[in-house]
Amino acid sequence: METELSRIGISLPKSLLDRFDEIITARGYSSRSEGIRDAIRNYITYYRWMSDVQCERQGVITMIYDHDQRGLVPVLTDIQHEFRQIVQATLHSHVTHSRCLEVVLLRGEATQIKELAERLMSQKGVESVKLTTIPIEE
Ligand code: NI
């Protein structure tokens, strides 16, 4: 439980803040501070695992890509086959005629999970790759 509060002052481009405000309003946050706290927590969760190299993690990759990008589909499949030791399952949804959403469930060494995410991310036609992982602890 977080009890002690610290105040910080930050400078942001107006356009960035406007976009942020639009989202927090739409999501029903009671204040900008609450939205920023939530964003910081997500940022920490997203990046903290990278420092825990040598540890086994459960993870999910959410990827959006252009189905019409020449040669991309077989490349993405090949990469996942290469990492078959850590890929547990894949879920595919055809979002539109040319956009695909794929969710890849993973379990393995953090370094390998990170490597797979980066390989997928670096392919031309991949619009976004979002990785979430959690440590496995008893
Ligand atoms: Ni598809």
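The values are calculated or read from the model by the stated rules, or taken from the named source; none is laboratory data. Bear in mind the structure is a predicted one, so any value in this text is a computation, not a measurement. Note that we place each Cβ from the backbone using ideal geometry, even for glycine, and neighbour counts take in every protein chain shown. What goes into the accessible areas is simple: the full protein's heavy atoms, side chains included, and nothing from ligands, DNA or RNA. Shrake-Rupley method; radii C 1.70, N 1.55, O 1.52, S 1.80 Å.
A few notes on this one:
- Qualifying residue in region 75-89 (condition: within 15 Å of the ligand (Cβ to nearest atom), of a type outside the set (A, V, I, L, M, F, W, C), under 14 Å from Met121 (Cα atoms) and surrounded by 12 or more Cβ atoms within 10 Å (Cβ to Cβ)): yes
- Taken over region 94-138, the criterion of being within 16 Å of Asp68 (Cβ to Cβ) and either charged (D, E, K, R) or in contact with a strand residue (DSSP E or B) (Cβ under 9 Å, 6 or more places away or on another chain) (or both) is satisfied by His94, Val95, Ser98, Arg99, Cys100, Leu101, Glu102, Gln123, Lys124, Gly125, Val126, Glu127.
- Matching residues, region 101-128, being more than 16 Å from the ligand (Cβ to nearest atom) and open to solvent by less than 10 Å² (accessible area, probe 1.4 Å): Leu106, Gly108, Ala110, Ile113, Leu116, Ala117
- Test: Leu72 is under 21 Å from the mean Cα position of the chain (by Cα), over 19 Å from Leu131 (Cα atoms) and of a type outside the set (D, E, K, R): yes
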